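Presented below is the structure to which this report refers.
What follows draws every value from the coordinates through simple rules; no lab data is involved. Only a predicted model underlies this, so the values are computations on that prediction, with no experimental measurement involved. Virtual Cβ from ideal backbone geometry, glycine too; neighbours counted across all protein chains shown.
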Amino acid sequence: MIEKTLSIIKPDVTRRNLTGKVNAMIESDGFRVVAQKRIKLTLKQAEKFYEVHANKPFYKDLCEFLSSESVVVQILEKENAIADYRRLMGATNPSNADKGTIRSEFAISIDQNSVHGSDSPEAAANEIAFFFSGIEIVG
Ligand code: IDP
Ligand code: MG
């Protein structure tokens, strides 16, 4: 089934000017970038986006990091996009990420791990609606 997933290229990548390199991995893995914008989140917006993690000890640092520099938010489309993007991202902790994954190539640490990807169809729908209106999604 063709799916859409929400990806965020995080501040450790935008800060180091590696956005194009991450997008090259995404496109060469068969994903179509059907919407994309570079934005700077406020702390409040980052807190809202990551509210599922509000009770975790790393929540404050996570939200401060996500709002520390610009991010690139994008919708990726492909057959099985949600699971396949999770695989391309690699494990949350880059020291456990398989070779050839985005996090293995670019992540600095578990906090600064380069990309976000939706983890279920429900999360993908909610996260896409959080960042994009229908008119911004071109296909
Ligand atoms: P994911 O990004 O691989 O889906 P989640 O469990 O959804 O991982 O966590 C969201 C983000 O929170 C991670 O990408 C990571 O940056 C951060 N994070 C998760 N677990 C830890 C931890 O144990 N310590 C510090 N940061 C963490
Ligand atoms: Mg997650």
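Can you give the Rg to Rh ratio of the chain, both from alpha-carbon atoms, with Rh computed by the Kirkwood formula? Each step should come with its number before you reach the end.
Numbers: Rg = 13.9 Å, Rh = 14.9 Å.
Expressed as Rg/Rh, it is 0.93.
Which FRET efficiency value, to the nearest 0.05, do you get for Leu43 and Ile135 by plugging their Cβ-Cβ distance into 1/(1 + (r/R0)^6) with R0 = 30 Å? Kindly include the intermediate steps, with their values, before the conclusion.
On the way: r = 28 Å, r/R0 = 0.92.
Given R0 = 30 Å and the Cβ-Cβ separation, E is 0.60.
What do you get for trypsin sites (Lys or Arg not before Pro) in the stretch 43-139 restricted to DSSP loop and a cutoff of at most 11 other Cβ within 10 Å of the site's Cβ?
Details: sites: Lys44, Lys48, Lys60, Lys78, Arg86, Arg87, Lys99, Arg103; in loops: Lys99.
Listed in order of number, the matching sites are Lys99.
By its C-alpha gyration tensor, with a ≥ b ≥ c as the square roots of the eigenvalues, how is the stretch 1-45 shaped: rounded for a/c under 1.5, else prolate for a/b larger than b/c, else oblate?
On the way: a/c = 2.87, a/b = 1.36, b/c = 2.11.
Note, shape of the stretch 1-45 comes out oblate.
After finding the eigenvalues of the alpha carbon gyration tensor for the stretch 69-139, what semi-axes result from the square roots of 5 times each, listed largest first in whole Å? The partial results should precede the final answer.
Values: eigenvalues 110, 39, 21 Å².
Semi-axes (√(5λ), whole Å): 23, 14, 10.
Explain nothing, just compute: Karplus ³J(HN,Hα) = 6.51 cos²θ - 1.76 cosθ + 1.60, θ = phi - 60°, for every residue of the stretch 128-136 in order, whole Hz, x for Gly and Pro.
For the stretch 128-136, the Karplus curve yields 5, 5, 5, 9, 10, 9, x, 5, 8 Hz.
Say the cut-off is 19 Å between C-alpha atoms; which of Lys21/Lys60; Lys10/Lys44; Lys21/Lys99; Lys10/Lys37; Lys4/Lys44 go over it? Provide the component values of the computation, followed by the final result.
Details: Lys21/Lys60 29 Å; Lys10/Lys44 16 Å; Lys21/Lys99 16 Å; Lys10/Lys37 12 Å; Lys4/Lys44 26 Å.
Correct reply: Lys21/Lys60; Lys4/Lys44.
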